[in-house]
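Written below as structure tokens is the structure these notes are about.
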Amino acid sequence: MSGTLHLAQALSNRGRRGRKRDFRDAERLLKRLVSQELTLSFVPDGEQRLWRTVTRTKHQLRRNKVRLHNQLEALLEEPHLKLSSLVSDLLGASARRMLQALAEGETDPAALAALADQRLRATSTQLRDAVGACPELNPVYRRLVKRALEELRLIEEQIGQLDQEIAGLLHQHQDAVQRLAEVPGLGVDSAQPIIAEVGAKAATLPSAKNLSSWVGACPGEEESAGVNSSPRSPKGNRNMRRLLNQAADAAVKRKGSIFEIVYRRLVPRLGHNKTIGAIAHHRICQLIWMILYKGVRYEERGPAVSEQSKRVRTVRMIRTLRKLGYRVELQADPT
């Protein structure tokens, strides 16, 4: 076993109290490793560590985009520009055109309202009233809005570059990405970081229970005299736990899916947060392990199974994969 790196948990190598002895500690560590008494941690290889670096960097950029969105909304509220109360997305196409014109020096509320899309629910009168304070707007606010829009454009370009980078790194595991993306609530954007965290085949996790324990999605077990004093979940992998909770929260909103049925059955008794955690543990986490470890595909068991819904979801997923640079070939069904 020489030349192999093992990262053992310190709790499984506890020694006697007293002064530390390097030679005795090393001897005890070696004996426990040979007798398989040590609890070894999962150490990914260099390629998977690179996947994690890229996907986690993309997540940080998305957090920066959300932070910039909140700062921009607070900046507009200060000079009494109530644009965020009329548009659903302050960074959408209509609002961005209006903000760009505002940053370039536009002072006419009617001209700003005319830049909105016709499908916007807010009327032209409401938009003019929302940006009515733009004629007296201080030039400093215009420069700050322009700076925020430039920073937003840079973040979006970096996110697009990282999308292409991730697609290139996971090109050999395209089939695993597609199989994970078929699960309701996941999609391609969630399948890629899951593979980066767990691995393309989850080879180091021999069972779904091991994956749940490693992620920290299972209840804690601090039992003494037959009484569990704390059911709090362990820390685990916080990136995977975040992905699982987001996927469970999105999956229960899919009408007609098995996740919606489970959610409606459990939420009166457990509440929303505990129900999402239970679905993330008992459903999403086990599905991820079965798809990656056993190489199976997801089959919907809910009442929403129909040819039309399958066709719509397939077209949407193929479009997303091709946009990221994957090559998808369609084969006719012989039946």
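For the stretch 113-135, which positions are among the charged types (D, E, K, R), farther than 17 Å from Gln100 by Cα and assigned to a helix (DSSP H, G or I)?
Residue satisfying the conditions is Asp129 alone.
For the stretch 130-150, enumerate the residues that are at pLDDT 85 or above and of a type outside the set (Gly, Ala, Ser).
Scanning the stretch 130-150 gives Asn138, Pro139, Val140, Tyr141, Arg142, Arg143, Leu144, Val145, Lys146, Arg147, Leu149, Glu150.
Run down Glu300, Glu307 and say which single residue is surrounded by 15 or more Cβ atoms within 10 Å (Cβ to Cβ), at pLDDT below 85 and acidic (Asp, Glu).
After applying the criteria, what remains is Glu300.
Could you identify the single residue in Arg97, Arg63, Arg49 that is closer than 30 Å to Leu5 by Cα and free of Cβ contacts under 8 Å to residues at least 60 places away in the same chain?
Residue meeting the stated conditions: Arg49.
Cβ contacts < 7 Å: first residue farther than 15 Å from Gln71 by Cα, restricted to the stretch 127-151; second residue of a type in the set (Ser, Thr, Tyr) and not in a helix (DSSP H, G or I), any location; separation 6+ or different chain. Result?
Cys134/Thr107; Pro135/Thr107
Being in a loop (DSSP other than H, G, I, E, B) and among the β-branched types (Val, Ile, Thr): is that true of Val140 here?
no
Check off (1) within 15 Å of Gly216 (Cα to Cα); (2) in contact (Cβ under 8 Å) with a residue 12 or more places away in the chain; (3) not polar (S, T, N, Q) for Gly256 and give me the number that stays unchecked.
Every condition holds for Gly256 apart from (1).
Tell me which residues, restricted to the stretch 77-94, are over 29 Å from the mean Cα position of the chain (by Cα), under 12 Å from Val131 (Cα atoms) and touching a residue at least 40 places away in the same chain (Cβ under 8 Å).
Answer for the stretch 77-94, where residues must be over 29 Å from the mean Cα position of the chain (by Cα), under 12 Å from Val131 (Cα atoms) and touching a residue at least 40 places away in the same chain (Cβ under 8 Å): Pro79, His80, Leu81, Lys82.
Would you please list the contacts, defined by Cβ atoms under 6 Å and residues six or more apart or on different chains, that run from a residue in the stretch 272-284 that is under 12 Å from Arg241 (Cα atoms) to a residue that is outside any helix (DSSP H, G or I)?
Ala280/Ala217; His281/Ala217; His281/Cys218
Would you mention how many residues in the stretch 235-255 are surrounded by 15 or more Cβ atoms within 10 Å (Cβ to Cβ) and not in a helix (DSSP H, G or I)?
4
Which members of the stretch 163-173 meet the condition of being closer than 17 Å to Gly187 by Cα and either part of a helix (DSSP H, G or I) or basic (Lys, Arg) (or both)?
Asp163, Gln164, Ile166, Ala167, His171, His173
The values are calculated or read from the model by the stated rules, or taken from the named source; none is laboratory data. Bear in mind that the values here come from a model prediction, so they are computed numbers and not experimental data. Cβ sites come from the backbone with ideal geometry, for glycine too, and all protein chains shown count toward neighbours.
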